[in-house]
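What follows is a single structure, written as structure tokens, with notes after it.
The values are calculated or read from the model by the stated rules, or taken from the named source; none is laboratory data. Please read all numbers here as calculations on a predicted model, not as lab measurements. FYI the Cβ positions are ideal-geometry reconstructions off the backbone, even for glycines, and counts take in every protein chain you see. These accessible areas exclude ligands, DNA and RNA; they are computed on the full protein's heavy atoms, side chains included. Shrake-Rupley method; radii C 1.70, N 1.55, O 1.52, S 1.80 Å.
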Amino acid sequence: MSKSDYYEVLGVDKSATEREIKKAYKRLAMKYHPDRTEGNKDLEVKFKEVKEAYEILSDAGNRQKYDQYGHAAFEQGHGGGHGGFGGGGDFSDVFGDVFGDIFGGGGRRGGGGQRQQRGSDLRYNLEMSLEDAVRGKELEIKVPTWVSCEPCHGSGANKGSKPKTCSTCHGQGQVQMRQGFFAVQQPCPTCKGQGQIISDPCKSCYGQGRVEKTKTLSVKIPAGVDTGDRIRLAGEGEAGPNGAGSGDLFVQVHVKEHKIFERDGTNLYCNVPIGFTTAALGGEIEVPTLDGRAKLKVPAETQSGKMFRLRGKGVKSVRGGATGDLLCKVVIETPVNLNDKQKDLLNQFEESMSGKTSKYRPKEQGFFDGVKKFFDDLTS
Ligand SMILES: [Zn+2]
Ligand SMILES: [Zn+2]
């Protein structure tokens, strides 16, 4: 089977940084995620490709192997960790794999036959601000769902009566039908596979054992969550029919774009405009942090685009570890709306440097020397 190039799959250069790879992956994972593509098989394949490419390229060792040997490096014995592809496994497995659960045990999973009985899992998309995501928040969410019927305690049978075991299938829910030589298992036609008959159905749920209701839940979002994280509320999904167990509710976090900060993992990035006098002479400027203002010393002769690191002013991940940094990129702002006097001063200033570009603006001088050489080489 021929495979697409991992870099092409993620749409990044071979020289892409770790951060660029992660960014590309996040974007594509959101785009092709099975929850968003509603069973489109082509997109499902695409999602698996993206996930596989990321798993290889995000690991320095594997990336090196891939760069050297291509796909052949992973054809045997799989470096481990991604053996689950293409097995037609259900989506919930793929899902759990990509976005690790923050809390809540995995004890309910894989219960074999019970899973079909159990109510459906629900997903709640939660949009939140960067501040809330960083600090954590307690909030109430409203979820339309099925809950166990109270009057009948989920049995579906009216007060005072009980569901009777189906006499056709003796409570098995299945019957054997003979077709020539073969015995075929079929759902019991009398009880429709339920194994029991409700002769006097509950008036509230009409025998279903559950009713539709909008539930209000209080959710505690832990500090440090990021887009793609999800929080499992065990047993808060839909109630199953006829008293069967409930599914889980997953709160899927999506952090909204921030006006000032861009987050990457535990680090925050922001651009800070500064005047060119401060840049030239040095000085102290104020920069924003998530906890308020902070002072930043700018040395003399600072160039536009210079990055300053404020240690520990980033984010602490929900998974623990050290708090990240705030990286401020200073961008020099050219003055606008100058009056005549100010223009005069600038002209005088410029004259004071005339003929000495290499001393005062060495980069500019070097650049134009390079341009001159470029044209000389073209014409020679
Ligand atoms: Zn039956
Ligand atoms: Zn009921």
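Structure above, values below:
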{"read-out": "Qualifying residue in the stretch 214-227 (condition: within 16 Å of ligand 2 (Cβ to nearest atom) and surrounded by 15 or more Cβ atoms within 10 Å (Cβ to Cβ))", "value": "no"}
{"read-out": "Only one of Pro335, Pro273 that is surrounded by fewer than 13 Cβ atoms within 10 Å (Cβ to Cβ), under 24 Å from Glu131 (Cα atoms) and not basic (Lys, Arg)", "value": "Pro273"}
{"read-out": "Any helices (runs of 4 or more DSSP H) falling wholly within the stretch 2-58 and containing at least 3 residues that are under 22 Å from Arg230 (Cα atoms)", "value": "18-32, 34-37, 41-57"}
{"read-out": "Residue in the stretch 236-259 that is touching a Pro at 6+ places or on another chain (Cβ under 8 Å) and among the aliphatic types (A, V, I, L, M) present", "value": "no"}
{"read-out": "Whichever residue in the stretch 236-265 is closer than 15 Å to Val315 by Cβ and among the aliphatic types (A, V, I, L, M) and, among such residues, is least open to solvent (accessible area, probe 1.4 Å)", "value": "Val253"}
{"read-out": "Subset of the stretch 36-66 (residues that are under 23 Å from Arg123 (Cβ atoms) and open to solvent by less than 60 Å² (accessible area, probe 1.4 Å))", "value": "Thr37, Gly39, Leu43, Glu44, Phe47, Lys48, Val50, Lys51, Tyr54"}
{"read-out": "Failed criterion for Val211 (all others in (1) surrounded by 16 or more Cβ atoms within 10 Å (Cβ to Cβ); (2) at pLDDT 95 or above; (3) assigned to a strand (DSSP E or B) hold)", "value": "(2)"}
{"read-out": "Unmet requirement for Glu262, which otherwise passes all of (1) within 23 Å of Thr323 (Cβ to Cβ); (2) touching a residue at least 40 places away in the same chain (Cβ under 8 Å)", "value": "(2)"}
{"read-out": "Considering residues of the stretch 137-183 that are at positive phi and open to solvent by less than 20 Å² (accessible area, probe 1.4 Å) only, the residue nearest to ligand 2 (Cβ to nearest atom)", "value": "Gly156"}
{"read-out": "Filter result (buried (at least 16 other Cβ atoms within 10 Å of the Cβ), in a strand (DSSP E or B) and not small (Gly, Ala, Ser)) within the stretch 276-287", "value": "Ile285, Val287"}
{"read-out": "Unmet criterion (only one of (1) more than 27 Å from Ile141 (Cβ to Cβ); (2) in contact (Cβ under 8 Å) with a residue 24 or more places away in the chain) for Gly193", "value": "(2)"}
{"read-out": "Count - residues of the stretch 323-380 that are outside any helix (DSSP H, G or I), of a type in the set (Lys, Arg) and modelled with pLDDT under 95", "value": "2"}
{"read-out": "Residue within the stretch 184-192 that is away from ligand 2 (no atom under 16 Å from the Cβ), open to solvent by 40 Å² or more (accessible area, probe 1.4 Å), in a loop (DSSP other than H, G, I, E, B) and under 25 Å from Ser246 (Cβ atoms) present", "value": "yes"}
{"read-out": "The stretch 342-362, residues that are under 28 Å from Val272 (Cα atoms) and loosely packed, with under 10 Cβ neighbours inside 10 Å", "value": "Phe349, Lys359"}
{"read-out": "The one condition in (1) aliphatic (A, V, I, L, M); (2) outside the structural domain of Pro288 (by TED's automatic domain parsing); (3) within 22 Å of Leu130 (Cβ to Cβ) that Leu327 fails to fulfil", "value": "(2)"}
{"read-out": "Total residues in the stretch 89-136, condition at pLDDT below 90 and either of a type in the set (Gly, Ala, Ser) or at positive phi (or both)", "value": "14"}
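For (1) within 16 Å of ligand 1 (Cβ to nearest atom); (2) of a type in the set (A, V, I, L, M), each residue gets a yes or a no:
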{"site": "Ala157", "(1), (2)": "yes, yes"}
{"site": "Gln186", "(1), (2)": "yes, no"}
{"site": "Gln208", "(1), (2)": "no, no"}
{"site": "Glu238", "(1), (2)": "no, no"}
